[in-house]
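These notes concern the structure reproduced below.
The values are calculated or read from the model by the stated rules, or taken from the named source; none is laboratory data. Since the model is a prediction, treat every value here as computed from it, not as a measurement. Cβ: placed from backbone, ideal geometry, glycine included. Neighbour counts: every protein chain shown.
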Amino acid sequence: MFTYILLIFGFIFLIKGAELLVDGSSSLAKRFKISNLVIGLTIVALGTSAPELVINIISSLKGSADLAIGNIVGSTIANILLIGGIAAMIYPLKILGGTAKKEIPLSLGAIILLLLLANDFFLPKTGMLFLSRLDGVILLGSFLIFIYYTFGLLKTESKETEEYPKHHFGTTLAYIVIGVAGLSLGGKWVVESVSQIALDLGFSQALMGLTIIAIGTSLPELATSAVAAYKKNADLAIGNIVGSNIFNIFWILGLSAIIKPLAFNESLNTDILVAIGSTVILFYFVLTGKENRRVERWEGVALFCLYMVYLTFLIWRG
(Lines give C-alpha, C1' and ligand atoms only; values in the text may rest on other atoms or scores of the structure.)
Protein backbone atom coordinates (compact mmCIF):
# COMPACT_ATOMS: atom_id res chain seq x y z
CA MET A 1 0.00 0.00 0.00
CA PHE A 2 2.85 2.38 0.89
CA THR A 3 4.35 1.84 -2.58
CA TYR A 4 1.17 3.07 -4.28
CA ILE A 5 0.98 6.11 -1.97
CA LEU A 6 4.60 6.87 -2.83
CA LEU A 7 3.74 6.64 -6.55
CA ILE A 8 0.87 9.13 -6.20
CA PHE A 9 2.97 11.59 -4.20
CA GLY A 10 5.79 11.13 -6.71
CA PHE A 11 3.54 12.26 -9.56
CA ILE A 12 2.24 15.20 -7.47
CA PHE A 13 5.80 16.33 -6.75
CA LEU A 14 6.78 15.89 -10.41
CA ILE A 15 3.89 17.94 -11.78
CA LYS A 16 3.98 20.70 -9.15
CA GLY A 17 7.78 20.81 -9.40
CA ALA A 18 7.56 21.32 -13.16
CA GLU A 19 4.92 24.03 -12.67
CA LEU A 20 7.04 25.94 -10.13
CA LEU A 21 10.17 25.58 -12.28
CA VAL A 22 8.32 27.00 -15.30
CA ASP A 23 6.93 29.92 -13.23
CA GLY A 24 10.31 30.71 -11.69
CA SER A 25 12.27 30.36 -14.94
CA SER A 26 9.71 32.45 -16.86
CA SER A 27 9.89 35.18 -14.22
CA LEU A 28 13.69 35.14 -14.38
CA ALA A 29 13.56 35.40 -18.18
CA LYS A 30 11.20 38.37 -17.95
CA ARG A 31 13.78 40.14 -15.77
CA PHE A 32 16.20 39.89 -18.69
CA LYS A 33 13.48 41.29 -21.00
CA ILE A 34 13.02 38.03 -22.97
CA SER A 35 9.75 38.04 -24.95
CA ASN A 36 6.72 35.95 -24.00
CA LEU A 37 6.88 34.06 -27.29
CA VAL A 38 10.50 32.99 -26.78
CA ILE A 39 9.70 31.97 -23.18
CA GLY A 40 6.76 29.89 -24.42
CA LEU A 41 8.78 28.17 -27.16
CA THR A 42 11.67 27.30 -24.83
CA ILE A 43 11.21 27.42 -21.06
CA VAL A 44 7.53 26.42 -20.94
CA ALA A 45 7.96 23.71 -23.58
CA LEU A 46 10.96 22.27 -21.73
CA GLY A 47 9.12 22.58 -18.42
CA THR A 48 6.14 20.49 -19.52
CA SER A 49 8.64 17.81 -20.60
CA ALA A 50 10.52 17.99 -17.28
CA PRO A 51 8.68 15.01 -15.68
CA GLU A 52 9.66 12.73 -18.59
CA LEU A 53 13.22 14.08 -18.49
CA VAL A 54 13.68 13.41 -14.78
CA ILE A 55 12.12 9.94 -15.01
CA ASN A 56 14.38 9.04 -17.93
CA ILE A 57 17.60 10.28 -16.37
CA ILE A 58 16.93 8.40 -13.13
CA SER A 59 15.83 5.27 -15.05
CA SER A 60 18.89 5.29 -17.31
CA LEU A 61 21.27 5.76 -14.36
CA LYS A 62 19.58 2.85 -12.56
CA GLY A 63 19.90 0.69 -15.69
CA SER A 64 16.11 0.59 -16.28
CA ALA A 65 16.29 1.15 -20.05
CA ASP A 66 12.87 -0.43 -20.71
CA LEU A 67 11.32 2.06 -18.30
CA ALA A 68 13.11 5.01 -19.94
CA ILE A 69 12.28 4.13 -23.55
CA GLY A 70 8.81 2.84 -22.70
CA ASN A 71 8.05 6.15 -20.96
CA ILE A 72 8.84 8.20 -24.08
CA VAL A 73 7.10 5.87 -26.56
CA GLY A 74 4.09 5.54 -24.26
CA SER A 75 3.91 9.32 -23.77
CA THR A 76 4.00 9.83 -27.54
CA ILE A 77 1.04 7.48 -28.01
CA ALA A 78 -0.86 8.96 -25.04
CA ASN A 79 -0.30 12.52 -26.30
CA ILE A 80 -1.87 11.75 -29.68
CA LEU A 81 -4.61 9.24 -28.91
CA LEU A 82 -5.58 10.08 -25.33
CA ILE A 83 -4.88 13.81 -25.04
CA GLY A 84 -5.61 14.63 -28.69
CA GLY A 85 -8.82 12.62 -28.46
CA ILE A 86 -9.99 14.35 -25.29
CA ALA A 87 -9.11 17.81 -26.65
CA ALA A 88 -11.04 17.19 -29.90
CA MET A 89 -14.04 15.88 -27.94
CA ILE A 90 -14.09 19.11 -25.92
CA TYR A 91 -14.00 21.26 -29.06
CA PRO A 92 -13.18 20.43 -32.72
CA LEU A 93 -9.54 21.27 -33.38
CA LYS A 94 -9.01 23.51 -36.40
CA ILE A 95 -5.31 23.41 -37.21
CA LEU A 96 -3.34 26.33 -38.64
CA GLY A 97 -1.20 25.74 -41.73
CA GLY A 98 2.22 25.55 -40.06
CA THR A 99 1.23 22.80 -37.65
CA ALA A 100 -0.52 20.76 -40.37
CA LYS A 101 2.27 21.02 -42.94
CA LYS A 102 5.40 21.02 -40.80
CA GLU A 103 5.11 20.09 -37.12
CA ILE A 104 3.01 16.91 -37.51
CA PRO A 105 5.24 15.47 -40.30
CA LEU A 106 8.30 16.45 -38.23
CA SER A 107 6.85 14.56 -35.27
CA LEU A 108 6.34 11.55 -37.55
CA GLY A 109 9.94 11.85 -38.75
CA ALA A 110 11.18 11.89 -35.14
CA ILE A 111 9.43 8.60 -34.35
CA ILE A 112 10.69 6.96 -37.56
CA LEU A 113 14.25 8.12 -36.75
CA LEU A 114 13.92 6.54 -33.30
CA LEU A 115 12.81 3.25 -34.90
CA LEU A 116 15.83 3.26 -37.25
CA LEU A 117 18.39 4.21 -34.59
CA ALA A 118 17.07 1.78 -31.97
CA ASN A 119 17.28 -1.11 -34.45
CA ASP A 120 20.78 -0.17 -35.69
CA PHE A 121 19.38 0.27 -39.19
CA PHE A 122 22.46 2.21 -40.29
CA LEU A 123 24.95 -0.19 -38.67
CA PRO A 124 25.81 -3.88 -38.98
CA LYS A 125 23.94 -5.99 -36.39
CA THR A 126 26.19 -6.98 -33.49
CA GLY A 127 23.74 -8.85 -31.25
CA MET A 128 22.08 -6.80 -28.52
CA LEU A 129 20.48 -3.53 -29.63
CA PHE A 130 21.26 -0.20 -27.95
CA LEU A 131 20.46 3.46 -28.23
CA SER A 132 24.14 4.40 -28.13
CA ARG A 133 25.79 7.69 -27.24
CA LEU A 134 26.20 8.32 -30.99
CA ASP A 135 22.45 7.82 -31.41
CA GLY A 136 21.96 10.28 -28.57
CA VAL A 137 24.14 12.85 -30.35
CA ILE A 138 22.09 12.38 -33.54
CA LEU A 139 18.83 12.89 -31.63
CA LEU A 140 20.16 15.97 -29.82
CA GLY A 141 21.48 17.34 -33.12
CA SER A 142 18.00 16.91 -34.58
CA PHE A 143 16.61 18.73 -31.53
CA LEU A 144 18.91 21.72 -32.15
CA ILE A 145 17.71 21.85 -35.76
CA PHE A 146 14.11 21.81 -34.49
CA ILE A 147 14.87 24.68 -32.06
CA TYR A 148 16.46 26.67 -34.90
CA TYR A 149 13.36 26.07 -37.02
CA THR A 150 11.08 27.05 -34.11
CA PHE A 151 12.84 30.39 -33.65
CA GLY A 152 12.45 30.92 -37.39
CA LEU A 153 8.71 31.01 -36.76
CA LEU A 154 9.26 34.28 -34.89
CA LYS A 155 9.99 35.97 -38.21
CA THR A 156 7.25 34.33 -40.27
CA GLU A 157 4.25 33.83 -38.00
CA SER A 158 2.38 36.11 -35.65
CA LYS A 159 1.15 34.22 -32.59
CA GLU A 160 -0.81 35.21 -29.53
CA THR A 161 1.12 34.17 -26.46
CA GLU A 162 0.40 33.97 -22.78
CA GLU A 163 1.62 36.82 -20.59
CA TYR A 164 4.22 35.36 -18.23
CA PRO A 165 4.41 37.21 -14.88
CA LYS A 166 7.53 38.67 -13.27
CA HIS A 167 7.73 37.81 -9.56
CA HIS A 168 9.88 39.29 -6.79
CA PHE A 169 13.48 38.03 -7.16
CA GLY A 170 13.33 36.05 -3.89
CA THR A 171 10.08 34.38 -4.98
CA THR A 172 11.60 33.58 -8.38
CA LEU A 173 14.62 31.83 -6.83
CA ALA A 174 12.38 29.96 -4.36
CA TYR A 175 10.18 28.69 -7.22
CA ILE A 176 13.22 27.45 -9.14
CA VAL A 177 14.85 25.73 -6.14
CA ILE A 178 11.61 24.13 -4.91
CA GLY A 179 10.71 23.13 -8.47
CA VAL A 180 14.03 21.36 -9.04
CA ALA A 181 13.79 19.67 -5.63
CA GLY A 182 10.21 18.54 -6.34
CA LEU A 183 11.18 17.12 -9.72
CA SER A 184 14.18 15.27 -8.28
CA LEU A 185 12.33 13.80 -5.31
CA GLY A 186 9.18 13.03 -7.28
CA GLY A 187 11.14 11.33 -10.06
CA LYS A 188 13.05 9.19 -7.56
CA TRP A 189 9.80 8.10 -5.86
CA VAL A 190 8.06 7.28 -9.14
CA VAL A 191 10.90 5.15 -10.51
CA GLU A 192 11.38 3.26 -7.22
CA SER A 193 7.66 2.64 -6.64
CA VAL A 194 6.95 1.59 -10.24
CA SER A 195 9.93 -0.79 -10.19
CA GLN A 196 8.59 -2.35 -6.98
CA ILE A 197 5.00 -2.60 -8.33
CA ALA A 198 6.26 -4.25 -11.51
CA LEU A 199 8.22 -6.75 -9.40
CA ASP A 200 5.24 -7.47 -7.10
CA LEU A 201 2.71 -7.94 -9.92
CA GLY A 202 5.05 -9.70 -12.34
CA PHE A 203 4.73 -6.94 -14.95
CA SER A 204 7.61 -5.82 -17.12
CA GLN A 205 9.16 -2.37 -16.64
CA ALA A 206 8.39 -1.67 -20.31
CA LEU A 207 4.66 -2.19 -19.61
CA MET A 208 4.78 0.15 -16.61
CA GLY A 209 6.63 2.77 -18.64
CA LEU A 210 4.13 2.51 -21.51
CA THR A 211 1.10 2.87 -19.23
CA ILE A 212 1.28 4.28 -15.69
CA ILE A 213 4.39 6.44 -16.12
CA ALA A 214 3.48 7.54 -19.67
CA ILE A 215 0.02 8.72 -18.59
CA GLY A 216 1.27 10.24 -15.33
CA THR A 217 4.05 12.27 -16.96
CA SER A 218 1.63 13.40 -19.72
CA LEU A 219 -0.71 15.08 -17.22
CA PRO A 220 0.81 18.58 -17.81
CA GLU A 221 0.19 18.19 -21.56
CA LEU A 222 -3.35 16.90 -20.85
CA ALA A 223 -4.16 19.92 -18.69
CA THR A 224 -2.68 22.39 -21.20
CA SER A 225 -4.42 20.89 -24.24
CA ALA A 226 -7.78 20.43 -22.49
CA VAL A 227 -7.84 24.06 -21.30
CA ALA A 228 -6.70 25.28 -24.74
CA ALA A 229 -9.47 23.28 -26.44
CA TYR A 230 -12.05 24.61 -23.97
CA LYS A 231 -10.90 28.14 -24.82
CA LYS A 232 -11.17 27.21 -28.54
CA ASN A 233 -7.43 27.73 -29.01
CA ALA A 234 -7.01 24.70 -31.24
CA ASP A 235 -3.53 25.44 -32.54
CA LEU A 236 -2.16 25.66 -29.01
CA ALA A 237 -3.89 22.39 -28.09
CA ILE A 238 -2.53 20.39 -31.01
CA GLY A 239 0.81 22.25 -31.07
CA ASN A 240 1.40 21.32 -27.42
CA ILE A 241 0.79 17.64 -28.23
CA VAL A 242 2.98 17.49 -31.33
CA GLY A 243 5.70 19.72 -29.84
CA SER A 244 5.90 17.55 -26.71
CA ASN A 245 6.43 14.44 -28.83
CA ILE A 246 9.30 16.09 -30.71
CA PHE A 247 10.86 17.31 -27.43
CA ASN A 248 10.48 13.89 -25.80
CA ILE A 249 12.15 11.93 -28.60
CA PHE A 250 14.88 14.34 -29.70
CA TRP A 251 15.74 16.04 -26.40
CA ILE A 252 14.92 13.57 -23.62
CA LEU A 253 15.88 10.28 -25.28
CA GLY A 254 18.92 11.95 -26.85
CA LEU A 255 20.16 13.24 -23.51
CA SER A 256 19.34 9.93 -21.76
CA ALA A 257 21.35 7.93 -24.32
CA ILE A 258 24.33 10.27 -24.00
CA ILE A 259 24.31 9.94 -20.18
CA LYS A 260 24.19 6.15 -20.45
CA PRO A 261 23.52 3.95 -23.54
CA LEU A 262 20.05 2.38 -23.36
CA ALA A 263 19.58 -1.33 -24.13
CA PHE A 264 16.65 -1.62 -26.55
CA ASN A 265 14.02 -4.33 -26.09
CA GLU A 266 12.84 -5.36 -29.57
CA SER A 267 9.29 -5.92 -28.27
CA LEU A 268 9.05 -2.11 -28.07
CA ASN A 269 9.16 -2.00 -31.88
CA THR A 270 5.44 -2.83 -31.82
CA ASP A 271 4.77 0.22 -29.65
CA ILE A 272 6.93 2.47 -31.83
CA LEU A 273 4.88 1.30 -34.84
CA VAL A 274 1.70 2.16 -32.88
CA ALA A 275 3.16 5.65 -32.29
CA ILE A 276 3.88 5.98 -36.03
CA GLY A 277 0.37 4.78 -36.91
CA SER A 278 -1.20 7.17 -34.38
CA THR A 279 0.64 10.13 -35.89
CA VAL A 280 -0.40 9.09 -39.43
CA ILE A 281 -4.04 8.83 -38.29
CA LEU A 282 -3.88 12.29 -36.70
CA PHE A 283 -2.38 13.71 -39.90
CA TYR A 284 -5.12 12.01 -41.96
CA PHE A 285 -7.85 13.45 -39.71
CA VAL A 286 -6.32 16.92 -40.01
CA LEU A 287 -6.25 16.77 -43.82
CA THR A 288 -9.66 15.16 -44.36
CA GLY A 289 -11.88 16.80 -41.73
CA LYS A 290 -15.39 18.06 -42.50
CA GLU A 291 -13.68 21.42 -42.75
CA ASN A 292 -10.12 21.57 -44.04
CA ARG A 293 -7.47 20.99 -41.35
CA ARG A 294 -9.94 20.24 -38.58
CA VAL A 295 -10.20 17.27 -36.22
CA GLU A 296 -13.91 16.68 -35.58
CA ARG A 297 -15.45 15.54 -32.29
CA TRP A 298 -16.22 12.06 -33.67
CA GLU A 299 -12.58 11.76 -34.71
CA GLY A 300 -11.60 12.70 -31.16
CA VAL A 301 -13.84 9.86 -29.94
CA ALA A 302 -12.12 7.54 -32.43
CA LEU A 303 -8.66 8.54 -31.15
CA PHE A 304 -9.75 8.00 -27.54
CA CYS A 305 -11.24 4.57 -28.37
CA LEU A 306 -8.05 3.57 -30.17
CA TYR A 307 -6.12 4.37 -26.99
CA MET A 308 -8.45 2.13 -24.98
CA VAL A 309 -7.84 -0.66 -27.53
CA TYR A 310 -4.08 -0.10 -27.21
CA LEU A 311 -4.23 -0.29 -23.39
CA THR A 312 -6.22 -3.54 -23.67
CA PHE A 313 -3.54 -4.91 -25.99
CA LEU A 314 -0.78 -3.93 -23.52
CA ILE A 315 -2.54 -5.68 -20.64
CA TRP A 316 -3.09 -8.79 -22.80
CA ARG A 317 0.58 -8.73 -23.84
CA GLY A 318 1.61 -8.31 -20.20
Please specify each residue of region 62-91 satisfying the condition of being closer than 22 Å to Lys188 by Cα and either touching a Lys or Arg at 6+ places or on another chain (Cβ under 6 Å) or not β-branched (Val, Ile, Thr) (or both).
-> Lys62, Gly63, Ser64, Ala65, Asp66, Leu67, Ala68, Gly70, Asn71, Gly74, Ser75
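Is region 30-39 home to any residue that is at pLDDT 80 or above and of a type in the set (D, E, K, R)? Spell out the reasoning first.
Applying the first criterion (at pLDDT 80 or above) to region 30-39 yields none.
Checked region 30-39: no residue is at pLDDT 80 or above and of a type in the set (D, E, K, R).
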Given the conditions (1) crowded, with 24+ Cβ neighbours inside 10 Å; (2) modelled with pLDDT of 80 or more, report the number of the one that Leu7 does not fulfil.
-> (1)
Members of region 61-81 found to be surrounded by fewer than 24 Cβ atoms within 10 Å (Cβ to Cβ) and at negative phi, listed by number = Leu61, Lys62, Asp66
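Evaluate the following for Ala87: is it at pLDDT below 75 and either among the hydrophobic types (A, V, I, L, M, F, W, C) or more than 20 Å from Val280 (Cβ to Cβ) (or both)? First the steps, then the outcome.
Details: at pLDDT below 75: no; either among the hydrophobic types (A, V, I, L, M, F, W, C) or more than 20 Å from Val280 (Cβ to Cβ) (or both): yes.
Here the answer is no, as Ala87 does not meet what is asked.
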When restricted to Thr150, Thr171, the only residue among the β-branched types (Val, Ile, Thr), modelled with pLDDT under 80 and within 22 Å of Gly47 (Cβ to Cβ) is Thr150
Note on region 295-318: residues part of a helix (DSSP H, G or I) and not hydrophobic (A, V, I, L, M, F, W, C) are Arg297, Glu299, Gly300, Tyr307, Tyr310, Thr312, Arg317
Every pair of residues 6+ apart whose Cβ atoms lie under 7 Å, when the first sits in region 259-277 and is under 15 Å from Gly70 (Cα atoms) while the second is of a type in the set (Asp, Glu) | Asn265/Asp66
Quick one: Ala181 ticks every box in (1) under 14 Å from the mean Cα position of the chain (by Cα); (2) surrounded by fewer than 17 Cβ atoms within 10 Å (Cβ to Cβ) except a single one, so which number is it?
-> (1)
Meets criteria (more than 16 Å from the chain's Cα centre (by Cα), modelled with pLDDT under 90 and part of a helix (DSSP H, G or I)) for Lys125 | no
